[in-house]
1. May I ask you to list the residues in the stretch 249-270 that are open to solvent by 80 Å² or more (accessible area, probe 1.4 Å) and over 28 Å from the mean Cα position of the chain (by Cα)?
2. Take residues that are at negative phi and modelled with pLDDT of 90 or more and tell me which of the helices (runs of 4 or more DSSP H) falling wholly in the stretch 230-345 contain 1 or more.
3. Taking only the stretch 158-169 into account, find how many residues are without any contact (Cβ under 8 Å) to a residue 60 or more places away in the chain and under 34 Å from the mean Cα position of the chain (by Cα).
4. Hey, among the residues in the stretch 197-229 that are part of a strand (DSSP E or B) and in contact with a Ser or Thr (Cβ under 9 Å, 6 or more places away or on another chain), which one's farthest from S270 (Cα to Cα)?
5. Any residue in the stretch 203-215 that's modelled with pLDDT under 95: show its pairings with residues that are of a type in the set (S, T, Y) at Cβ separation under 6 Å, as long as the two are six or more apart or on different chains.
6. Please enumerate the residues belonging to the stretch 170-199 that are over 37 Å from the mean Cα position of the chain (by Cα) and over 14 Å from E241 (Cα atoms).
Amino acid sequence: MVFHALRGQCFLLKQVKVEDFEASKLLKIQTETAHVGRDDIQDSNSLSSLYSEWTNPVFARPPMVGVDISSVQAEGLAVKIHNILFPYRFSKDMIHSMKVIHQVDKKFLACLINTQDQDPAACSETDGNLLVLVDQHAAHERVRLENLVADSYEDDPEAPGERRLCSSTVAPPLEVSVTEEELRLLRSCRPSLRGLGLELQFSQIGDPQVLVGKVPMCFTEKESNELRRGRRSIIKPIVEEYLQEQIELLHSTGRVRGTLPLTVLKVLASLACHGAIKFNDRLSKEECCSLVGALSSCQLPFQCAHGRPSIAPLVDVLHLNDQEEPPRPNLRKLRRMYKAWELYGNG
């Protein structure tokens, strides 16, 4: 039943998009015609008036708060056959209640989410009212990213109770050119840089430069992966970018310690992507359930490492029976009308 509903929704969504596109063109013509002949004062307010009064036929105006699709607030969603562009609001509790149906096209996991006021632990395998598709690559990428972030830190022996980024030795040390001002800034926060996985030495001969002896471990892992694929070395550009990030932080805030550095996050996201499940990878029911279970334990389960949504809502099955069956054409009547038109014309 669910897969038939899924195919039916895809067809209806295509039809709705075509009709909405035609309606938007007609509305644009009507709007432009209505503005012809207005004075300059009205023309100056036409744009703001358009956005404040126009009901967009394609994109629904997002509500101020999330909509509870299991209550009467969801009645309006049936207007466009459960338009997937409507802003559903997900919570982590809803992810815990997710039940896997099956893999779809070796790309997505068809799942049911329970959005009703019910204990997720008490739900059976068939409970759930919101049909969603989980992007298997995006979901696994998110799981891998959060695991990699957790594994990138270790206890700092020099600061009890603190954590630091795991580092790896680079031999020979990387030579990075800097300005005198940048050299002064880096020298002033040398102990803090160790917590970020960097071990620096400062050259006193010739032009100012920094010798980088240790870098975050994920940098060397990324370098090994690139060399194994027959690509050029990328570790020096990454380290230069990392140093510039810290120098900019020193200029703007006077400190370097804080959240996970952006350069480290980008490298970890790349590692998470390359090792994740790909499209066209076949998954068994057990593997699908394991992936959804791992996703539900993530801090941010709703998007991949690069920000792509991992879950897309399709239809609330509670409202499927509320839809009236579309009328079928009366072929006998149409034949009579056609014959009458042939005999008498349209006059």
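1. Correct list: H251, S252, T253, R255.
2. Where helices (runs of 4 or more DSSP H) fall fully within the stretch 230-345 and carry at least 1 residues being at negative phi and modelled with pLDDT of 90 or more, they are 235-253, 262-274, 285-296.
3. Matching residues across the stretch 158-169 total 7.
4. Of everything passing the filter in the stretch 197-229, Q209 is farthest from S270 (Cα to Cα).
5. Correct list of pairs: Q209/S177; Q209/S203.
6. A171, P172, P173, T179, E180, E181, L183, R184, R187, S188
The values are calculated or read from the model by the stated rules, or taken from the named source; none is laboratory data. Being a predicted model, the structure only gives us computed values, none of them experimental. Note that each Cβ is placed from the backbone with ideal geometry, even for glycine, and that neighbours are counted across all protein chains shown. Side chains included, ligands, DNA and RNA excluded: accessible areas come from the protein's heavy atoms. Shrake-Rupley method; radii C 1.70, N 1.55, O 1.52, S 1.80 Å.
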